[in-house]
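**Q** I have a structure here, written as structure tokens, and I will follow up with some questions on it.
The values are calculated or read from the model by the stated rules, or taken from the named source; none is laboratory data. Here the structure is a predicted model, which is why all the values come from computation and not from measurement. As a convention, Cβ positions derive from the backbone with ideal geometry for all residues, glycine included, and neighbour counts pool all protein chains shown.
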Amino acid sequence: DIKTAKTHCLQYNSFYISIIPSCGALWTRTKLVKERVRNSAFLLALLILLQSSFRPDFCLSCNNHSNFQSVRPVNGTFGCSLKTFLSFYIFQYQKQGKDVEKVKQRLAEIANYVDKFYRSLNIRVALVGLEVWSDGDKCSITQDPFTSLHEFLDWRKVKLLPQRPHDNAQLISGVYFQGTTIGMAPIMSMCTVEQSGGIVMDHSDNPLGAAVTLAHELGHNFGMNHDTPERGCGCRATVDRGGCIMTPSTGYPFPTVFSTCSKKDLAASLEKGVGMCLFNMPEVKVLYGGQKCGNGYVEEGEQCDCGDLEECLNPCCNASTCTLKEEAVCAHGQCCEDCQLKPAGTPCRDSSNSCDLPEFCTGADPHCPANVYLHDGHTCQGVDGHCYNGICQTHEQQCITLWGQGAKPAPGICFERVNSAGDPYGNCGKDAKGSFAKCEARDAKCGKIQCQGGANRPVIGTNAVSIETNIPLQEGGRILCRGTHVYLGDDMPDPGLVLTGTKCGENMMCINRQCQNISVLGVHDCSAKCSGHGVCNNNKNCHCESLWAPPFCDKAGFGGSMDSGPMRPTDSSSVMVGILVAFLCLLCVGIIACIKRKTLLSLFFSNKKNTIEKLSSPHKVIICFFMIIFAAYLTPAQLNRRYQKF
């Protein structure tokens, strides 16, 4: 089921302009392939690097996404110091008789363009692999874009993900889609298992054309909406210069920049937890085209890489040799400061929401550990919902998104009556044929969201309309159900569908438009091994509370997990200080107890009272202290027996 999809409708003239990409940092420059690629299927693995910093004047802050602004090179690397990666694959079917190497060359150039576009958002795109399907389709691709997208995303989930771990998949095809559609992608789906991907038509001789469409559809995955006139978006490129990438319909010249609306949409999506996988480091050994000093990626044999000589400002790295400067231990990463590693336990990534988990420096690696979050199905902290892909999805939050503050979910009867219709206003999404599917009663809360209250009309845009349904009640009266229908393009079905991962009942969650028990996710089995002192993360490992050690939180330690790093420094000096403080506190308690009261002494030496009283005060204190320690190891019954013995 496709949650929400968008189309990039491009109107272009069939002419050819030779443009050689200038972004040669990631790949060697290639000659433009003039041959148009039609009906082809290849695997182009890409990598996106989201670089962030705690300096809002330079870039998007991971802790404060509202400070999103344009970026400049910092410390010799493009963007800011926090580097996060996203890998995704692009597929295209290769026609019989086509030159496979030319196809690879063309797609590498497309990837270069996409990387250049996203640099303005402080996001990097890097080619990490390429596969050509020369023996036929691996999934059904037809002229129906919706069906093709459904088939492709289903194939990705079932076949590709188990074999090639990645975060997003894009299909570039030579098949001409029906109508004006040249691309389609679910919105706000980045990093999800079910919907992180899209399809793109290779519609132009110029690879720049396909690159713009790919960047557009990828933008939808990131949560970017179309730049419609009513949004009042600012674009630094005028219409005669192409306008901006997320414009619904564009022509020649092709757009190459993002608007202010796109930046705001991206920031809002990241703030909601979209794109949790962006923080994970990729395997640089799989970068396509071979390694090269100066491409900005630390590859095998390199100690650092701050880009070419012109852009490198990193004080810790020699740009010409990609080696560390004298006395430098590191040059990149959130756990590297002034060319030295930060101590173990230093926080390097805070939790972004109730389903996210914090990460800490290990003391041995300049990079923050890969992002981890609560296991799917885990109860949200302080919210009546379940975690899914690191986000707490609830009907209430979705109603607020659609209708504004004061909105709340409608009673269950609204979901059941409206979503049983199987029409554009009440359904459980679309089936593989593109028809609206009726919701079974048990799945009704996984179809179109039904709300009450809030604003008079939907607040998500001028293309949204209110669909109100009055349902008569058996006991008399009526109940008002408020749904929405939003038209945002030929490739974007109504976003009023309940999001995957939303709680639909006690221990139940919406998965594939069905209300399923969270036991299918295995969260309870995973949490059981954490000894009651931790929670299970998305890697099925225990994230322990402070003072408990991974992997099973059953021994004393510093908290955290095998994935996130220790919560506190693990150096021996800190441990000794802690032990000494605890000992002194215990000694003080013992002294006070013995001076104020003699009950413990009388308990053990009731018939030796005169002897004890003859002792000097210091001796009494010492005896009291050791008696407290001795008593701590005895049960009440043992204390009573010893009292009677004396």
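**Q** Output the number of residues of region 250-303 satisfying the condition of being acidic (Asp, Glu), farther than 22 Å from residue 169 by Cα and at pLDDT 90 or above.
**A** The total comes to 1.
**Q** Something else now. For region 328-345, check the following and say yes or no: at least one residue is under 22 Å from residue 546 (Cβ atoms) and either free of Cβ contacts under 8 Å to residues at least 24 places away in the same chain or touching a helix residue (DSSP H, G or I) at 6+ places or on another chain (Cβ under 7 Å) (or both).
**A** yes
**Q** Exactly one condition in (1) of a type in the set (A, V, I, L, M); (2) assigned by TED's automatic domain parsing to the domain that holds residue 517; (3) touching an Asp or Glu at 6+ places or on another chain (Cβ under 6 Å) is not met by residue 410; state its number.
**A** (3)
**Q** Looking at region 121-131, can you tell me whether even one residue there is touching a helix residue (DSSP H, G or I) at 6+ places or on another chain (Cβ under 7 Å), at pLDDT 80 or above and buried (at least 19 other Cβ atoms within 10 Å of the Cβ)?
**A** Within region 121-131, one or more residues are touching a helix residue (DSSP H, G or I) at 6+ places or on another chain (Cβ under 7 Å), at pLDDT 80 or above and buried (at least 19 other Cβ atoms within 10 Å of the Cβ).
**Q** Further question: Here's a check for you: in region 311-365, which residue that is of a type in the set (Ser, Thr, Tyr) and over 30 Å from residue 274 (Cα atoms) is nearest to the chain's Cα centre (by Cα)?
**A** Per the stated criteria, the residue is 323.
**Q** Which members of region 316-335 meet the condition of being surrounded by fewer than 22 Cβ atoms within 10 Å (Cβ to Cβ) and closer than 30 Å to residue 537 by Cα?
**A** 330, 333
**Q** If we scan region 392-411, do we find a residue that is more than 14 Å from residue 499 (Cα to Cα) and outside any loop (DSSP other than H, G, I, E, B)?
**A** Yes, there is a match, as at least one residue in region 392-411 is more than 14 Å from residue 499 (Cα to Cα) and outside any loop (DSSP other than H, G, I, E, B).
**Q** Under the condition of being of a type outside the set (S, T, N, Q) and surrounded by fewer than 21 Cβ atoms within 10 Å (Cβ to Cβ), which residue from region 349-366 is nearest to residue 388 (Cα to Cα)?
**A** 358
**Q** Check off (1) within 30 Å of residue 500 (Cα to Cα); (2) at pLDDT 90 or above for residue 321 and give me the number that stays unchecked.
**A** (1)
**Q** Given the condition in a loop (DSSP other than H, G, I, E, B), surrounded by 15 or more Cβ atoms within 10 Å (Cβ to Cβ) and within 32 Å of the chain's Cα centre (by Cα), answer yes or no: does some residue in region 462-483 qualify?
**A** Yes; the residues of region 462-483 include at least one that is in a loop (DSSP other than H, G, I, E, B), surrounded by 15 or more Cβ atoms within 10 Å (Cβ to Cβ) and within 32 Å of the chain's Cα centre (by Cα).
**Q** On to the next question. With the requirement that a residue be closer than 10 Å to residue 537 by Cβ and assigned to a loop (DSSP other than H, G, I, E, B), what does region 372-389 give you?
**A** 372, 375, 378
**Q** Just wondering, is there one or more residues in region 376-386 that are within 30 Å of residue 226 (Cα to Cα) and either modelled with pLDDT under 90 or among the aliphatic types (A, V, I, L, M) (or both)?
**A** No, the conditions are met nowhere in region 376-386.
**Q** If I filter region 243-259 for residues that are closer than 30 Å to residue 160 by Cα, buried (at least 21 other Cβ atoms within 10 Å of the Cβ) and among the polar types (S, T, N, Q), do I get at least one hit?
**A** No, the conditions are met nowhere in region 243-259.
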